[in-house]
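The block underneath contains the structure these notes are about, expressed in structure tokens.
The values are calculated or read from the model by the stated rules, or taken from the named source; none is laboratory data. Since this is a predicted model, take the numbers as computed values, not measurements. All Cβ positions, even for glycine, are placed from backbone atoms using ideal geometry, and neighbour counts span all protein chains on display.
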Amino acid sequence: MTAITAETLPPPLVWITKTTRAGDTNARIGIAEHLSDTWSELEMPSEFCTPEQVKARLLRANLIRPDALKWPDVLIGPCFHIPYMQVIKTLSGGKTVVVALRPPVRGLQIKAQQTDIDNTDIIVSYPYHNNDNIPNLLLCETVANRIRDKQLRQAKSRWAKDFAPFINKGTVIGLLMGGDVGDKRRIFSPAIAKNLGKTINEIATRMKSTLIISVSARTSQESQDALCSQISVPYYLYDPKQTTGDNPYFGILGSVDYLVVTADSISMCSEAASSGKPVYIFHDPDIVEATHNQVVSFLIKKGHARLLNKTTDLENFSYTPSNSAQIIASNVQRILNSRKN
């Protein structure tokens, strides 16, 4: 009899639950990509459904067929989806591995019955949250994401023609700019954006660099205009609210020499630090929530990033990039292997 090993196991059937935040979605996709080449996205109901109602929804979405009820091996979603994910685990006869991700910034209480929490196979959280009485806990320092060497190489090739006018001039700095954030709304004001624009322009001017900029869907038009008003070096700008065509985000991470990222986005900071590129973080206390500082401090302490300083040129430093998506996926695969063995 041939022993089943990780190498001989077929890739698992993976579902991820759907939410509106791009960073949260990319965290789930990043984990899924380490487990399988394909995954399905599941839209969860806005209120709790019975198992029969959930099954009916899945049939309508063509995620299952009445003649072949194939349930996922792995289901990945945020902690507030635990009640719904546990319904699917029940429908699967308990075979589905349920992975729930706590939000990286706000340590919200998990709103689910304790039985459902106990039956969640992996709950991903962060050291700066209150993790008391959370079972099957997996602590991560940064947010899971989709950044991988192969993907960055492909994105660099895809965007080589578009970025050539800037890359051919010499050193290129990538700027990833966020916006207003948080339940209590930290405002990325035009004044802060103007300061960022002035700082990055002074550095780029001294270094004879060009800029490739991506702003966020959270970036207000006023703040974007304030940023650009201070930039005199050649630059490329991508605005997801206005620019048509593909998003060059991964192309930026793969193509530039240095990355500057604003501290309001823990997802962007984690993605930048997964690229292996020298990362500089623009930190203003008015744009960050309290736990942002924990993640920024961790990245700096580990040597994955440095704080941006307008009087200092960017330096080429190296580090071993890490992505918690791989750590989470490895723990999921370990559970799958143990069950099939």
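Points worth noting:
- N293 vs. criteria in a helix (DSSP H, G or I) and modelled with pLDDT under 95: yes
- Only strands (runs of 3 or more DSSP E) whose full extent lies in the range 39-103 are considered here, and the ones with at least 3 residues that are closer than 19 Å to T120 by Cα and β-branched (V, I, T) are 97-101.
- Residue check, A217 outside any helix (DSSP H, G or I), hydrophobic (A, V, I, L, M, F, W, C) and in contact with a Pro (Cβ under 7 Å, 6 or more places away or on another chain): yes
- Filtering S330, S318, S322 for residues that are outside any loop (DSSP other than H, G, I, E, B), over 24 Å from Q221 (Cβ atoms) and not charged (D, E, K, R) leaves a single hit, S330.
- Scanning the range 135-176 for residues that are in a helix (DSSP H, G or I) and of a type in the set (S, T, Y) yields one hit, S157.
- Selection from the range 296-311 of residues that are in contact with a strand residue (DSSP E or B) (Cβ under 9 Å, 6 or more places away or on another chain), without any contact (Cβ under 8 Å) to a residue 60 or more places away in the chain and either part of a helix (DSSP H, G or I) or closer than 25 Å to K194 by Cβ (or both): V296, I300, A305, R306, L307, N309
- Residue selected from the range 85-119 under the condition surrounded by fewer than 22 Cβ atoms within 10 Å (Cβ to Cβ) and among the small types (G, A, S), by the criterion nearest to the chain's Cα centre (by Cα): G107
- Of the residues making up the range 223-244, those that are touching a Gly at 6+ places or on another chain (Cβ under 7 Å) and among the small types (G, A, S) are S223, A226, S229.
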